Structures are given as structure tokens and as C-alpha cells.
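The values are calculated or read from the model by the stated rules, or taken from the named source; none is laboratory data. Please read all numbers here as calculations on a predicted model, not as lab measurements. With ideal geometry, Cβ positions are generated from the backbone for all residues, glycine too; neighbour counts draw on all protein chains shown.
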Amino acid sequence: MHKEHDKERDKEHNKEREDLWVERDRTLPREEGYHPTGDREDPEELFKAGLYLLKRDKLKEALAAFKKALFLRDKDPRYMSYAGLALALTGRTKEAVLLCERAVQKEFFRQELFLNLGRVYLVSGNRRKAHTAFRKGMALDRENRLLRGELEKMGIRKPPVFRFLDRNHPVNKWSGKMLHRLRLR
């Protein structure tokens, strides 16, 4: 009789400890997939877990967390944008561009969405669109360090040698390279 009572008391005590732990630490994402809400999954918690994993370069796990959050709340542009960024970093740039563009269309007033869109464009090799996305984000907040840093990393392009020709024209490309090698430009 005492053993059953002790087991029951230990179960309650462990449950209380677990509840206290979950309450105290509920904002921290879990890598192992443990979720404080039990069977029901909170999209915001999954999103936080995805951010945590993305910062640690665990791209596949981050992508899984973002996809699950997006599945649970498919209209949230932040989820779309970060899922697109994770997709791009795993090499699936076409899907990533579509997701990030859709996110920016839904909420064109959030700088972080333009930052992610620009990063996705950079990964896909489209520097011109990346520059435009970063500029649009900067128009919303001139003090955004992340956007400013991305623009500085891209560098400032000099105007084409022959302005009446397109920048990508072979004559402009060749003459620009030659002037650069001769250090005249």
C-alpha cells in the first residue's frame, strides 16, 4: 500500500517538476523536437526553433521547423520568408524566390522580409534584384544594420564605361575589366 502511494506521489512530483521546467524554459527552442505544448504544436514555437537552428547552420532541421509552422499557419509572411531563406540555403532557389516574393507582397512594410528576399536573390545569383530588395528594406528603416551590412558586402558598382551601352554588353564588360587591371578605374 505504501509503495503504491509512494509511486503516485513520485509521479505527481515529477509532473510538477516537468511543468515548472516547461514554464521556466518555454521560450527556448528545442532541437530534439520536444515541445512544451504536448501533442498540439504551436507555430510560433516551431518558428522560434527554426530561427535557432538556422543560426546554427542546421539547415535541414530549420527548414523542417519552418515548413511545419507554415503548414499550421500558412498565411503568415514571416514563416514564408524564413522557409524561403532556408530553402535557398539548401539549394532550392526557385521555390525560395517564390516564397519570399509572396511574403513581401503580403507584408511590404516589414524590413526583415526584404532582407530575406535579398539574401535569397544573392544565393540564386541575381545581384541586381538583391540590391533592389535591400534598398526597398532600407527605405522602410534607414538605420537597419543588417540591411546596411548586406549592401556594404555587395559593394558599390561603378557606372559602365560606355553609358550608352547596356552594362552587360561585351564591350562594356571587356573595357571595364581592362581598365580595372590597368588600375585606371
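The table below lists the values:
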read-out: Meets criteria (within 29 Å of residue 45 (Cβ to Cβ) and without any contact (Cβ under 8 Å) to a residue 60 or more places away in the chain) for residue 179; value: no
read-out: Test: residue in the range 106-117 that is in a helix (DSSP H, G or I) and under 30 Å from residue 185 (Cα atoms); value: no
read-out: The range 140-151 residues that are at pLDDT below 95, paired with ones that are aliphatic (A, V, I, L, M) (beta carbon under 6 Å, 6 or more apart); value: 146/115; 147/115; 147/138
read-out: Count of the range 135-161 residues which are surrounded by 10 or more Cβ atoms within 10 Å (Cβ to Cβ), of a type outside the set (A, V, I, L, M) and under 18 Å from the mean Cα position of the chain (by Cα); value: 7
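This table checks each residue for (1) modelled with pLDDT under 90; (2) at positive phi; (3) of a type in the set (A, V, I, L, M, F, W, C); (4) in contact with a strand residue (DSSP E or B) (Cβ under 8 Å, 6 or more places away or on another chain).
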{"site": "53", "(1), (2), (3), (4)": "no, no, yes, no"}
{"site": "74", "(1), (2), (3), (4)": "yes, no, no, no"}
{"site": "115", "(1), (2), (3), (4)": "no, no, yes, no"}
{"site": "119", "(1), (2), (3), (4)": "no, no, no, no"}
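Here's the yes/no breakdown for (1) surrounded by 19 or more Cβ atoms within 10 Å (Cβ to Cβ); (2) without any contact (Cβ under 8 Å) to a residue 12 or more places away in the chain; (3) hydrophobic (A, V, I, L, M, F, W, C):
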| position | (1), (2), (3) |
| --- | --- |
| 111 | no, no, no |
| 118 | yes, no, no |
| 133 | yes, no, yes |
| 163 | no, yes, no |
